[in-house]
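Would you mind keeping the following structure in view while I ask a few things?
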Amino acid sequence: MSIPSIDLNNGVAIPQLGFGTYKLPPADTRDLVLRAFEAGYRHVDTAQMYRNEREVGEAVAASGLPRDELFVTTKLNNAFHAHDDALAAFDRSLEALGLQRVDLFLVHWPLPAQGRYTEAWAALEEIYASGRARAIGVSNFQPHHLRRVLAEGTVVPAVNQVEVHPYLAQDEVRAFGAEHGIVTEAWSPLGRGAVLGDPVIAEVARRHGRTPAQVVLRWHLQRGDVVFPKSATPERIVENAQLFDFELPADDMVAISALDRGERTGSHPDEMNDTGR
Ligand code: NAD
């Protein structure tokens, strides 16, 4: 199985499918990430907040795969937007992962009440300049947060990782990204399972002889977004990667996109201000 890549705005290629690791049981994370690599995934999404960078790093080391064939993303935790805190937190990530560099480092949330995300961004720009992150980006940024980053920063974020699934199509945020060369990464691409029982999705899946999860993930891929579904079930890890031998016709794409009802499973970026301190 060959997973297509997308070129980020600095020419770095990101595999369009990755493996999500939020809330994986820590004791199982190493083995589940290894399962994902066996199933063909070459991209793994973790975060300081998930407290599993060490186990992800163990899987990377145990896989025996050449480092340049793997794409590893991690994210700056909310308590560390101050410049020096961000640099120190990044060092701890590299140490936990056991890596010399990551492929992508993100500001996890903008935390607008704290108002220091452009300071955090300046620290990420330094990390990028040092070569220890091949690309940098943001997560959960609304267009008005991105405008400030574009105005005050010197590097255009390579990605914006936001909640996207059929019940939350995120047309405005995605269009802003497309206009500025910022790739959209769709987190909770399955709506944490909430969209999988939808009758429209079930009907499309039945007609194509696929599972609802495969149809939803295929919908994301054909929209051009990057996805990293999470599963702690080995069979589903395999199922969620079998996406490259079928295509949804335009009418199915339209029918799934029409399910948008602005429904979030997670926090709204303008309201999320928990630094975890
Ligand atoms: P998801 O949409 O990937 O859903 C995961 C859940 O869907 C699983 O726990 C399981 O219950 C179900 N599922 C998975 N595969 C299935 C299948 N084939 N059939 C039936 N059910 C299936 O949700 P997620 O884990 O929240 O999001 C994916 C990844 O996105 C995370 O692991 C994390 O890496 C990232 N993420 C980032 C942020 C952020 O703020 N940047 C927030 C949430 C998630």
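What's the number of the condition Glu163 fails, among (1) within 15 Å of Leu8 (Cβ to Cβ); (2) in contact with a Ser or Thr (Cβ under 9 Å, 6 or more places away or on another chain)?
(1)
With the requirement that a residue be within 20 Å of Val195 (Cα to Cα) and not in a strand (DSSP E or B), what does region 143-173 give you?
Those that are within 20 Å of Val195 (Cα to Cα) and not in a strand (DSSP E or B): Val164, Pro166, Tyr167, Ala169, Gln170, Asp171.
State all residues of region 52-92 that are of a type in the set (Asp, Glu) and open to solvent by less than 40 Å² (accessible area, probe 1.4 Å); if no residue qualifies, say none.
Within region 52-92, Glu53 is the sole residue that qualifies.
I would also like to ask the following. If I ask for residues that are within 16 Å of the ligand (Cβ to nearest atom) and in contact with a helix residue (DSSP H, G or I) (Cβ under 8 Å, 6 or more places away or on another chain), which ones from region 160-173 would you list?
Selection gives Asn160, Val162, Val164, His165, Pro166, Tyr167, Leu168, Ala169, Val173.
Also: Sort out which residues of region 1-28 are over 18 Å from Pro189 (Cα atoms) and part of a strand (DSSP E or B), and write them in order of number.
Asp7, Ala13, listed by residue number.
Looking only at region 130-142, which residues are open to solvent by less than 10 Å² (accessible area, probe 1.4 Å) and outside any strand (DSSP E or B)?
Those that are open to solvent by less than 10 Å² (accessible area, probe 1.4 Å) and outside any strand (DSSP E or B): Ala135, Asn140, Phe141.
What tally of residues in region 97-115 results from selecting those that are without any contact (Cβ under 8 Å) to a residue 60 or more places away in the chain, open to solvent by less than 20 Å² (accessible area, probe 1.4 Å) and not β-branched (Val, Ile, Thr)?
3
Say we look at region 156-175 and pick out the residues that are more than 20 Å from Leu111 (Cα to Cα) and hydrophobic (A, V, I, L, M, F, W, C); which of these is most open to solvent (accessible area, probe 1.4 Å)?
Ala175
For Arg207, are the conditions met, namely being open to solvent by 10 Å² or more (accessible area, probe 1.4 Å), under 15 Å from the mean Cα position of the chain (by Cα) and modelled with pLDDT of 95 or more?
no
Same structure again: With the condition being under 28 Å from Leu104 (Cβ atoms) and within 12 Å of the ligand (Cβ to nearest atom), I'd like the helices (runs of 4 or more DSSP H) fully within region 184-277 carrying at least 2 qualifying residues.
212-223, 234-239
Shifting gears a bit: Condition check: under 17 Å from Thr275 (Cα atoms), among the polar types (S, T, N, Q) and either assigned to a helix (DSSP H, G or I) or in contact with a Phe, Trp or Tyr (Cβ under 8 Å, 6 or more places away or on another chain) (or both). Does Thr73 satisfy that?
Spelling it out, it is not the case that Thr73 is under 17 Å from Thr275 (Cα atoms), among the polar types (S, T, N, Q) and either assigned to a helix (DSSP H, G or I) or in contact with a Phe, Trp or Tyr (Cβ under 8 Å, 6 or more places away or on another chain) (or both).
Sort out which residues of region 30-44 are buried (at least 19 other Cβ atoms within 10 Å of the Cβ) and hydrophobic (A, V, I, L, M, F, W, C), and write them in order of number.
Leu32, Val33, Ala36, Phe37, Val44
Looking at (1) part of a helix (DSSP H, G or I); (2) within 16 Å of the ligand (Cβ to nearest atom); (3) of a type in the set (Val, Ile, Thr), which is the only condition Ile127 fails?
Only one criterion in (1) part of a helix (DSSP H, G or I); (2) within 16 Å of the ligand (Cβ to nearest atom); (3) of a type in the set (Val, Ile, Thr) is unmet by Ile127, namely (2).
So, one more: Scan region 188-206 for residues that are closer than 20 Å to Asp252 by Cβ and free of Cβ contacts under 8 Å to residues at least 40 places away in the same chain and report the count.
Residues flagged as closer than 20 Å to Asp252 by Cβ and free of Cβ contacts under 8 Å to residues at least 40 places away in the same chain within region 188-206 amount to 8.
Suppose we filter Glu119, Glu53, Glu125 for residues that are of a type in the set (Asp, Glu) and farther than 29 Å from Arg264 by Cα; which single one remains?
Glu125
The values are calculated or read from the model by the stated rules, or taken from the named source; none is laboratory data. Because the structure is predicted, anything quoted here is derived from the model rather than measured. Methodologically, a virtual Cβ is constructed for each residue, glycine included, from the backbone with ideal geometry; neighbour enumeration extends over all protein chains shown. Note: accessible area is taken over every heavy atom of the protein model, side chains too, but ligands, DNA and RNA are not part of it. Shrake-Rupley method; radii C 1.70, N 1.55, O 1.52, S 1.80 Å.
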